[in-house]
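Throughout, read-outs are computed from the coordinates displayed, never taken from laboratory work. These numbers were taken from a predicted model, which means no experiment stands behind them. Quick reminder, even Gly has a Cβ in these numbers, built from the backbone with ideal geometry, and neighbours come from all protein chains shown.
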Amino acid sequence: MALLQRVAENGRRVVRFTLDGRPVEALEGDTVMTAMLTNGDRLRRSEFADAPRAGFCMMGACQDCWVRTETGERLRACGTFIADGMRLLSDGEWTS
Amino acid sequence: MRERIDCDVAIVGGGIVGGSAALFLRQSGLSVTLLERDWCGAKASGVNFGGVRRQGRPLEQLPLSQRAHAIWGRLPELLGTDAEYIRSGHLKLARSEADLDSLIAYRERSQGFGLDLEIIAGEAFRRRWPALGDSAVGGSLCPQDGHANPRLVSPAFARAAAALGAVVREQTPVDRVEKDGDRFVLLSGEALEVRARVLLNTAGAWSLRVAEAFGEPVPLESLHPNMAVTEPLPRFLDVNIGVEGGGVYGRQVPRGNMVVGGGRGFALDADRARPERNAVLGLMRDAAELFPQLRHAHVIRCWTGVEGYTPDRNPVIGPSRTTPNLFHAFGFSGAGFQIGPAVGQTLAELVRDGGTAMPLEPFRIDRFTPTP
Amino acid sequence: MNAPVPPVIVPRLAPLPPVIVGAGPAGIRAAERLVAAGLRPVVIDEAARWGGQIYRQPPEGGPFTRPKSALYGLEAGKADAVHRAMAAIRDHVDYRPRTLAWNCEAGALDLLSDGAVETLPFSHLILATGATDRVLPFPGWTLPGVFTLGGSQVALKFQGCAVGRRVAFLGTGPLLLLVAYQYLKAGVEVAGIFDTTPFLTQARAGVGMLRDPVTFAKGMLYLGWLRARGVPIHYNVRPVRAEGTERVAALVWRDAKGRETRTECDAVAVGLGLRSETQLADLAGCRFRFDAADRAWLPERDAAGRSSVPGVYLAGDGSGIAGADAAELAGERAALALLEDLARDHGGRPVDAARVAELDRRLTGIAAFRRALNAAFPFPADWADAIADDTMICRCEGVTAGTLRAVGRSGQAREINRAKALTRVGMGRCQGRMCGATATELLARALGTGPDGVGRLRAQPPIKPLPIATTIPSPAPGEGVKCDRSPPRERATPQAGRSHDA
């Protein structure tokens with residue numbers, strides 16, 4: 001169920017957040033992208049194709065990794081660090 | 001070798017007015033050559049906000065606007081595309097009781113033009129558009145107004161004209177225009193000479209060159225309305241929104257993007273303009289104030305265009321006062337998109353019939369001449 | 001009402017501090033040279049730490065523990081030197097990390113940092129904006145598990161993560177073998193190298209690459225290492241599709257003889273070389289030219305890095321792909337050009353002519369090596385022809401290849417910005433970064449011309465999404481509504497309001 005696989009530096013402090021309401025864990029220094037994709041296999045659903053997306057370039061160029069929080073903020077997942085208590089969504093607002 | 005084209009009507013400017021004039025002239029069987037210095041519908045006709053709105057226009061424009069309304073209803077038949085045209089309604093918001101009074105007064109004045117304006121205020125307003133929150137005390141709805149994608153509509157008119165046999169030349173600036181006996185002669189560099197009995201000047205912000213060539217200077221000024229579009233958002237708005245008193249306007253397209261406009265860009269040179277940073281930021285702030293749904297959204301693109309404005313913000317439409325068989329239509333002052341097709345149709349009538357039932361007196365080209 | 005008049009650039013009595021955009025190898029070496037000349041440059045960078053993409057540092061905190069030798073491999077020495085160079089001048093620069101330059105207009109940059117906007121006027125600007133992967137689409141390329149080659153490398157060195165358990169590497173260029181090697185070293189299974197270049201092309205071009213024996217040797221080392229560990233390496237490959245519904249399950253590919261093979265994998269890393277980030281140069285008004293080697297429109301720069309706009313300098317991959325070593329040299333050279341111009345216009349010490357000559361000599365040598373690299377890893381121009389009409393080429397707006405081809409073939413669009421207006425390609429969040437090269441290739445083919453024949457996709461501000469929240473006044477305790485950097489409110493006249501919403 002995880003797209004990204006940790007291969008190094010697993011000794012970092014644990015950060016707790018929720019993903020689609022489910023309590024999950026990441027590590028300090030993870031981007032939102034890493035945090036979500038080590039706990040699932042998508043970041044969002046495309047607005048126009050109703051297909052899952054998980055980012056692409058990881059360096060702030062492709063803009064394919066914008067995710068939502070439960071309070072409506074939009075974060076670029078590859079350039080935002082995970083923080084304790086974040087409440088992130090990977091379900092599309094487009095399918096509801 | 002210079003190419004020579006001889007035709008009934010030469011049109012300078014392939015925006016929505018020139019393109020629709022070409023289309024209607026071809027429907028009447030006249031031979032037409034349309035010259036466009038850029039791509040057809042690439043300038044103000046193609047980069048404007050996309051409001052298709054009768055409401056709020058000065059009364060003298062309403063007959064043309066009504067005529068245009070009928071044409072917009074036939075877009076698929078005329079152009080082979082709906083160009084994302086939607087009769088969503090146009091809601092003009094009143095942010096104060098005084099503004100509401102002004103909307104009520106406009107409804108009274110515009111009775112008889114067929115706008116069917118509906119004033120909605122207070123609790124009824126909030127029930128009907130809960131998404132608008134407390135941003136307004138009420139508004140005036142024109143249910144059959146709407147919006148369309150100008151990038152698709154405006155080029156489509158010239159394309160439809162070409163499909164009916166009009167000669168459409170893009171990337172073809174007119175360097176010289178003069179009258180030789182009863183023929184107009186247009187030169188584009190060394191490559192092309194067009195001779196025509198009738199000349200239509202529909203070159204938007206660039207129309208002044210043709211008008212001046214025939215001794216008809218107009219105080220036309222180029223301005224640059226500022227636009228921005230957000231990333232796609234869940235649908236919250238089904239009407240095209242304007243605000244009494246001006247400032248900001250917005251529409252949400254079915255794909256979810258919110259298009260907003262307000263403020264002015266600046267000119268890079270005579271042909272190009274750019275959004276201006278403070279205008280962009282001011283627009284974003286005003287839009288977020290009006291539409292709280294934009295609070296967490298991002299603007300993904302800004303743009304502006306080059307549009308000709310007249311001192312009284314009414315266009316110039318009709319025959320030249322100096323030169324027979326020359327007709328002007330320009331200076332729409334940021335509001336030419338909706339009425340454009342009707343202006344093209346009216347120009348075609350003037351050429352074909354020598355007259356029109358449309359009242360064009362308010363749009364005479366010589367109205368700016370100071371009286372001695 | 002008159003249009004706002006942008007500030008006019010007038011000769012200043014005293015120049016402003018030079019501004020550098022980008023803190024990669026080019027930006028850092030530029031800053032170092034300016035500091036050495038006694039200036040205090042502003043260094044703007046989107047990342048939280050300096051180094052750029054190639055020498056990207058791990059996040060602070062954590063802690064992240066891998067040594068630089070693990071992160072950068074054979075490039076660890078260079079990475080460390082670049083990092084140290086910036087650390088050494090840290091107190092002498094106005095360093096602005098986590099800052100996006102989203103617009104450039106009339107002698108000033110617009111910045112976004114920590115949710116707030118700021119306008120930064122400049123008299124001298126060095127753009128060292130870097131590059132990202134160049135990609136072409138194939139069916140399934142938007143599936144979770146398909147990442148760019150550069151992105152796959154970022155995941156590994158910046159996050160200690162692999163993009164999958166069994167990864168296929170697809171594309172061309174020096175990065176292809178390098179990233180595969182790094183993955184293998186990190187213990188990840190490499191499903192295969194799927195190189196779009198014919199083996200003979202690479203072998204022949206290898207002769208030219210001997211101009212830089214060290215770099216050439218590294219390439220051979222990666223290749224040998226991968227081969228020795230049994231990684232299948234296929235040449236002259238074209239992708240058929242990435243399979244999967246919610247995520248990648250396999251890469252189906254075709255060899256030169258047209259045979260299709262299905263290789264199971266849970267991730268695909270794809271890249272066809274790099275493409276320059278040119279948006280700010282465009283907005284700054286720089287003149288562009290078509291570069292046949294990069295197959296892209298690039299801002300013109302002279303050998304020293306001067307653009308066509310006085311006071312604007314270009315360095316590094318952001319104005320033509322030449323790699324990290326060249327970027328270091330070009331960054332320093334652009335800074336010297338800036339100093340030469342300052343000395344000319346405002347007086348001051350002449351620059352070190354011997355150093356200038358040395359840099360120019362080395363940059364010329366690198367240019368020759370890059371030509372050999374381009375010959376070794378040619379852009380697979382036929383890939384574009386093979387893209388099926390129903391393949392999505394624009395990830396943001398969901399535009400298909402067929403839609404784009406249709407506006408070309410029907411004569412509706414003879415130019416790329418026209419195609420954008422008619423199809424929405426390049427209109428989405430990424431502003432054409434991911435689809436621009438594809439759209440250009442497809443339109444050019446549809447019109448029977450080359451990518452130089454359909455014009456250049458123009459940049460529009462903001463070059464990356466700009467949060468509306470940045471303009472929303474926030475209530476401060478006890479003082480009602482406060483809006484720090486918000487522009488002055490201008491009440492539109494009724495006439496103006498009436499006059500442009502249609």
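Here the protein assembly as shown yields Rg over Rh of 0.99, to two decimals, using C-alpha coordinates and the Kirkwood radius. Placing pseudo-labels 7 Å out from each Cα toward the beta carbon at A:Met1 and A:Asp84 gives an inter-label distance of 2.4 nm.
Normalised by residue count, chain C yields a Cα convex hull volume of 184 Å³ per residue. Full extension of the segment from C:Trp225 to C:Ser113, taken as 0.36 nm per residue of separation minus the current Cα-Cα distance, would add 36.0 nm. Report summary: the helix-based calculation at 222 nm, which adds -39500 (n - 2.57) for every DSSP H run with n ≥ 4 and divides by the residues of chain B, gives -8000 deg cm²/dmol. For B:Ala131 and B:Leu59, a Förster radius of 35 Å and the Cβ-Cβ distance give a FRET efficiency of 0.65, rounded to the nearest 0.05. For a 19 Å ceiling on Cα separation, which of these pairs sit above it: C:Lys218/C:Lys257; C:Lys157/C:Lys185; C:Lys78/C:Lys464; C:Lys68/C:Lys464; C:Lys185/C:Lys218? In this structure, C:Lys218/C:Lys257; C:Lys78/C:Lys464; C:Lys68/C:Lys464 lie more than 19 Å apart at Cα.
If R0 equals 56 Å, the separation of the Cβ atoms of C:Leu74 and B:Ala163 corresponds to a calculated FRET efficiency of about 0.35. Cross-link partners for B:Lys92 among the lysines, with Cα-Cα distance under 28 Å and sequence neighbours closer than 8 places in the same chain left out: B:Lys43. Take every DSSP beta bridge whose two residues both sit in chain C; close to 55 percent of them are antiparallel. Using a Förster distance of 41 Å, how high is the FRET efficiency between A:Arg22 and B:Arg255, based on the Cβ-Cβ distance and rounded to 0.05? Efficiency for this residue pair is about 0.85.
Taking the DSSP bridge list for the protein assembly as shown and keeping only pairs wholly inside it, about 65 percent are antiparallel.
Figure the gain on full extension for C:Ala81 and C:Asp345 (residue separation times 0.36 nm, minus the Cα-Cα span) and round it to one decimal in nm.
Values: separation 264, 0.36 × 264 = 95.04 nm, distance 3.30 nm.
Between C:Ala81 and C:Asp345, full extension yields an extra 91.7 nm.
Projecting label points 7 angstrom from Cα along Cα→Cβ for C:Lys257 and A:Arg13 puts them 5.9 nm apart. Estimated purely from DSSP H runs of n ≥ 4, each contributing -39500 (n - 2.57), the mean residue ellipticity at 222 nm for chain A is -1500 deg cm²/dmol once divided by its residues.
Given all pairs of different Cα atoms, what value in angstroms does the Kirkwood hydrodynamic radius of the stretch A:16-88 take?
12.1 Å
The eigenvalues of the Cα gyration tensor, multiplied by 5 and square-rooted, give the stretch B:94-245 an equivalent ellipsoid with semi-axes of 45, 20, 16 Å from largest to smallest.
When chain A is treated as a GNM with alpha-carbon contacts under 10 Å, the residue of A:Ala83, A:Ala49, A:Ala61 showing the greatest mean-square fluctuation is A:Ala49.
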